[in-house]
Amino acid sequence: MELDLSWPMLWHGLFWPLIRLTFFISVGLLVGNLIEALQWTRYAAKLADPLARKARLKDISAASFTMAFFSGIAANTMLAEAHERGDISDRELILSNLFNSLPTYFLHLPTIFFIAAPFVGSVAGIYVGLTAIAAVLRTVVITLSGRFLLPPIEEGCLPCRLEEMKGKRDTTSALRKTWKRFVKRIPKVIYITTPIYTLFFIGKQMGVFHWLQGFMQLNAGVFTFLPPEALGIVAFHMASEFTAGLAAASALLSNGHITPMQIVLALLLGNILSSPMRAFRHQFPYYAGIFKPRMALKLIVHNQLLRAVSVIFVGTIYAFLAW
């Protein structure tokens, strides 16, 4: 397949998405650094502190968890900065990033539901509810894992430490510190993100992702617990976007060809099979701009494995109860 290097393709496929990506990463860096420089992370951490302490995660991880409800980039920036300073270990960074899967999910939950509802009606509530339960389950698993994998955190109450920090903030110095960190870090983001995003653009132009999608679609036939019509939903989900799978599900549901339960299972299966490639394609460039590329890949792999296992578990329980 030949590369299309025309200006419209380069602008819409590479330059503009890269500009947008760099802009949002930059905003996340500024916001994350400013919040930390003003010591607001400690107040944000107070909201998630009880749960984080059960997982033996530090204050910065609790603050990142709270921030993830509003901005995933800012939340990850907090963790990356703390990791670079040596405040948290590799293991705690991975667990903290996984810990943020719940707020990250709920950040997008309204959009997912209001896209799905017009297509499949009440089935959307079941699908969204199951994926939400999977997200909660992941948080429970990380909380329990932290108790076994991380050392006990220092004693003392967070409100007491907050009282000690009163009067120690200097807005001018915080802004200066924020800008200094931003200027130091943003070149690294650009140097790493730009070539990675360019490689993904070339890969898409060469048909690499199309080939991978086709390969996965051909091997979807092993899932014999679903009728052929339901596998069409999975194929559309994988070959295009979530909306394409919903459109196929809506058509099959209105014609009475498959049951609501089969639609839910097909949507869950499409979610499991399509997410890893999309996560690597869309998340890795920006993750590699925030974390070191090796750590970025490790975080994505851990996230996808845990997400897939949780959705499979919830989907299996649902199928057993609804059969």
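The values are calculated or read from the model by the stated rules, or taken from the named source; none is laboratory data. Since the model is a prediction, treat every value here as computed from it, not as a measurement. Note that we place each Cβ from the backbone using ideal geometry, even for glycine, and neighbour counts take in every protein chain shown. Just the protein is used for accessible areas: all its heavy atoms, side chains included, with ligands, DNA and RNA removed. Shrake-Rupley method; radii C 1.70, N 1.55, O 1.52, S 1.80 Å.
Please note which helices (runs of 4 or more DSSP H) are completely contained in region 1-104 and include at least 2 residues that are modelled with pLDDT under 85 and more than 30 Å from L144 (Cβ to Cβ). Even if it seems obvious, please write down each step before you answer.
Values: elements: 7-10, 16-37, 40-54, 59-67, 72-85, 90-99.
By residue number, 7-10, 16-37.
What number goes with the only condition from (1) in contact (Cβ under 8 Å) with a residue 24 or more places away in the chain; (2) within 30 Å of E84 (Cα to Cα) that Q283 does not pass?
Condition not satisfied by Q283: (1).
Name the residues in region 106-118 that are surrounded by fewer than 20 Cβ atoms within 10 Å (Cβ to Cβ) and touching a residue at least 12 places away in the same chain (Cβ under 8 Å), would you?
Step one: list which residues in region 106-118 are surrounded by fewer than 20 Cβ atoms within 10 Å (Cβ to Cβ), which gives 106-115, 117-118.
Residues satisfying the conditions are F106, L107, L109, I112, F113, I115.
Do you know which residues across region 284-308 are among the charged types (D, E, K, R) and either buried (at least 22 other Cβ atoms within 10 Å of the Cβ) or under 16 Å from N100 (Cβ atoms) (or both)?
Quick first cut of region 284-308, residues among the charged types (D, E, K, R) only: 292, 294, 298, 307.
Those that are among the charged types (D, E, K, R) and either buried (at least 22 other Cβ atoms within 10 Å of the Cβ) or under 16 Å from N100 (Cβ atoms) (or both): K298, R307.
Quick one: L144 ticks every box in (1) farther than 30 Å from P260 by Cα; (2) out of contact with any Leu (no Cβ under 7 Å at 6 or more places or on another chain); (3) aliphatic (A, V, I, L, M); (4) crowded, with 19+ Cβ neighbours inside 10 Å bar one, so which box is it?
Only one criterion in (1) farther than 30 Å from P260 by Cα; (2) out of contact with any Leu (no Cβ under 7 Å at 6 or more places or on another chain); (3) aliphatic (A, V, I, L, M); (4) crowded, with 19+ Cβ neighbours inside 10 Å is unmet by L144, namely (4).
On the basis of being of a type in the set (V, I, T), farther than 23 Å from Y318 by Cα and open to solvent by less than 10 Å² (accessible area, probe 1.4 Å), does I88 make the cut? It would help to see each step written out before you state the result.
Details: of a type in the set (V, I, T): yes; farther than 23 Å from Y318 by Cα: yes; open to solvent by less than 10 Å² (accessible area, probe 1.4 Å): yes.
For I88, the condition - of a type in the set (V, I, T), farther than 23 Å from Y318 by Cα and open to solvent by less than 10 Å² (accessible area, probe 1.4 Å) - is met.
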